[in-house]
Amino acid sequence: MKRIRLFTGILCAVGLMLLGFGAHASGPPGNGIVVQPLKSSLAEEMFQTLIVSRALERLGYTVAPVKDLEPATAHLAIANGDATFMANHWAHLHADFYKNSGGDAKLVRTGAYADGAVQGYLIDRKTAEQYGITNIGQLKDPAIARLFDTDGDGKADLTGCTPGWGCEKAIEHHLDTFDLRDVITHKQGSYAALMADTIARYKQGKPILYYTWTPYWVSAVLRPGSDVVWLEVPSPASGESASATRLATRLPNGKDYGFQADEEQIVANRDFIAKNPAAGKLFEVMKLPVGDINAQNLRMSQGAGSQQDIERHANGWIRAHQALFDSWIAAALGAAAK
């Protein structure tokens with residue numbers, strides 16, 4: 001009897017060892033897989049990217065340090081398998097980058113990681129009210145355009161979009177379409193540096209004209225409706241195509257700032273998603289409120305913008321939304337188990 005109990009005990013122990021070995025051998029869905037995240041040169045994109053990276057790490061993936069590539073090149077790198085994902089693809093603004101990199105044949109974009117994104121042109125409220133400016137088309141009047149002249153050439157200076165981001169193409173299109181080329185200069189370069197100058201001018205009580213978007217910290221410093229106002233764009237010429245253009249850019253509030261309401265998505269390499277259903281489901285279900293991105297970006301603009309700061313912000317956001325974060329992980333694990 002003792003021998004039987006001893007033998008049974010040995011079998012149980014061996015069984016538990018085998019079970020433990022099996023669990024360890026299979027591991028989490030990302031076990032042994034390295035992923036490479038990308039973002040643009042805009043430091044404010046790191047926060048969103050890190051939250052995705054932390055979720056992937058929870059699934060067992062090894063996440064390499066984030067690399068910077070401008071959107072057009074980043075889409076190509078992901079499509080070619082040289083990188084895995086980016087968390088800051090704008091569905092409309094980057095549509096051509098997506099298409100030109102192979103589209104759905106090489107890339108995957110599902111869900112809305114952050115929705116409610118708005119873009120457009122703004123001026124300071126004081127100048128808007130003093131001269132009754134509500135539409136960028138009013139700058140066809142040289143006297144109005146000169147109000148925003150910062151270099152003495154008689155043309156309005158628009159703080160614009162960094163080359164390679166995609167928004168510069170839309171701005172250049174507007175300058176041509178609305179016959180503004182002769183009265184507006186599109187100032188390009190480092191957007192952060194240009195906006196620092198724009199904000200300094202505002203604080204000096206001078207007129208300002210700039211392009212921006214949300215989510216981004218600028219609208220927390222220059223508050224639309226309080227400090228600055230959005231400018232609408234001129235009505236397009238009559239006709240079916242013009243009506244379609246107006247419909248595409250008109251916002252739910254009836255305003256038309258010349259850009260479609262947009263959303264940020266996670267774009268990933270299609271082969272990677274095919275082999276990693278857990279990551280695919282994760283990218284599909286993750287959602288980050290625009291207000292939270294704005295708040296974090298504002299903290300960066302106020303001096304907490306180091307890599308260590310941003311990592312602290314991302315980790316803090318996860319702790320504050322642990323149940324939501326855990327639900328993303330559960331959904332991903334469920335997809336891996338199918």
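At 10 °C and 1.306 mPa s, grab the translational diffusion coefficient of region 117-249 from Stokes-Einstein with a Kirkwood Rh over Cα pairs, rounded to a whole number in µm² per second. Provide the component values of the computation, followed by the final result.
Details: Rh = 15.2 Å.
Estimated diffusion coefficient is 105 µm²/s.
Which of the helices in the chain, when you take each full DSSP H run, stretch at least 24 Å along the axis at their Cα atoms and have an average Kyte-Doolittle score of 0.0 or higher?
Working: long enough: 2-26 (36 Å, 1.14).
Those that clear 24 Å and a mean of 0.0 are 2-26.
Once the Cβ-Cβ distance between residue 105 and residue 140 is put in as r, and R0 is 30 Å, what FRET efficiency do you end up with, to the nearest 0.05? Please list the in-between numbers first.
Numbers: r = 44 Å, r/R0 = 1.46.
It comes to 0.10.
In angstroms, what radius of gyration and Dmax does region 25-93 have, counting Cα atoms only?
12.6, 44
For region 104-225, what proportion of DSSP beta bridges, expressed in % and rounded to the nearest 5, is antiparallel? Please report the intermediate quantities before stating the final value.
Values: 6 of 11 bridges.
Percentage antiparallel, nearest 5: 55.
For the chain, go through all pairs of different Cα atoms, get the mean of 1/r, take its inverse, and jot down that Kirkwood value in Å.
Values: mean 1/r = 0.0447 Å⁻¹.
For the chain, the Kirkwood estimate is 22.4 Å.
What does the highest-first list of 124-134, 72-82 look like by mean Cβ count within 10 Å? Could the numbers behind the result be given before it?
Numbers: 124-134: 15.9, 72-82: 19.7.
Going from most to least packed, we get 72-82, 124-134.
Run through the DSSP bridge list for the chain and note the antiparallel percent, rounded to the nearest 5. Numbers along the way, then the final one.
Values: 22 of 35 bridges.
Antiparallel bridges make up about 65 percent of those DSSP assigns within the chain.
Using Cα-Cα distances under 8 Å and only pairs 6 or more residues apart, what relative contact order does region 117-249 have, in percent?
Values: 188 pairs, mean separation 51.3, N = 133.
Normalised by residue count, the contact order of region 117-249 is 39 percent.
Checking the table 169/206; 155/187; 99/169; 39/287; 140/187 against a 20 Å threshold on Cα-Cα, which pairs fail?
Numbers: 169/206 28 Å; 155/187 11 Å; 99/169 16 Å; 39/287 18 Å; 140/187 18 Å.
From the list (169/206; 155/187; 99/169; 39/287; 140/187), the Cα-Cα distance tops 20 Å for 169/206.
So how do 320-332, 149-161 stack up, highest first, on mean other-Cβ count within 10 Å? Show your work: numbers first, answer last.
On the way: 320-332: 14.9, 149-161: 18.7.
By packing density, highest mean first, the sequence is 149-161, 320-332.
Report, in debye and to the nearest 20, how large the dipole of region 289-338 comes out about its Cα centre when Lys and Arg carry +1 and Asp and Glu carry -1 on their Cβ. Write down the numbers at each step before the final one.
Numbers: 4 positive and 4 negative charges, 15 e Å.
Dipole size: approximately 80 debye.
Measuring from label point to label point, each 7 Å out along Cα→Cβ, what is the residue 338 to residue 322 span in nm?
Placing both labels 7 Å along Cα→Cβ, they lie 2.9 nm apart.
Laboratory data are not the source of any read-out in this text; all were calculated from the coordinates shown. What you are looking at is a predicted structure, and each value in this text was computed from that prediction instead of being measured. Methodologically, a virtual Cβ is constructed for each residue, glycine included, from the backbone with ideal geometry; neighbour enumeration extends over all protein chains shown.
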